[in-house]
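Input: a single structure, listed below in structure tokens.
Rule-based calculations on the coordinates, nothing more; no lab input. Predicted model, so just to flag it, every value in this text is computed and none were measured. Using ideal geometry, Cβ is built from the backbone for each residue, glycine included, and neighbour counts are taken over all protein chains shown.
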Amino acid sequence: MRSITMEKDYTKWYAMNDRDLMKVIGNFIRDSRLDLEMTQSQLSKYAGINRSTLSQVENGVGGTLFTFIRLLRALEKLPLFEHFLSGQPESADRESVRQRARQETGDDDL
């Protein structure tokens with residue numbers, strides 16, 4: 001069984017570009033599917049998406065939030081959204097978020 005873990009050092013997540021994050025998500029979906037011993041065809045049918053869409057997601061080159069939700073539902077991974085229901089955002093320091101946004105955009109008004 002594959003071990004799927006998320007790093008606790010959140011700075012690594014912010015250092016990643018969007019393409020790398022998509023690859024992490026794709027690997028998570030692929031590993032979850034393989035842990036269940038499902039083929040792409042089986043998962044895509046169960047999730048109600050095209051197999052080619054699943055392939056794109058797993059390769060980190062495509063997908064929508066809607067697709068991601070359908071895949072998580074089919075893989076029984078919806079509890080990953082628990083933070084959205086807690087009412088409390090992950091302990092993000094507002095000033096550090098603003099500072100990072102200023103650095104990335106060059107907008108001092110943020």
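Can you tell me which residue within the stretch 44-57, out of those that are buried (at least 19 other Cβ atoms within 10 Å of the Cβ) and more than 11 Å from the chain's Cα centre (by Cα), is nearest to Ile29 (Cα to Cα)? Ranking the qualifying residues of the stretch 44-57, first place goes to Leu54.
Looking at Glu58, is it at positive phi and not β-branched (Val, Ile, Thr)? In short, no.
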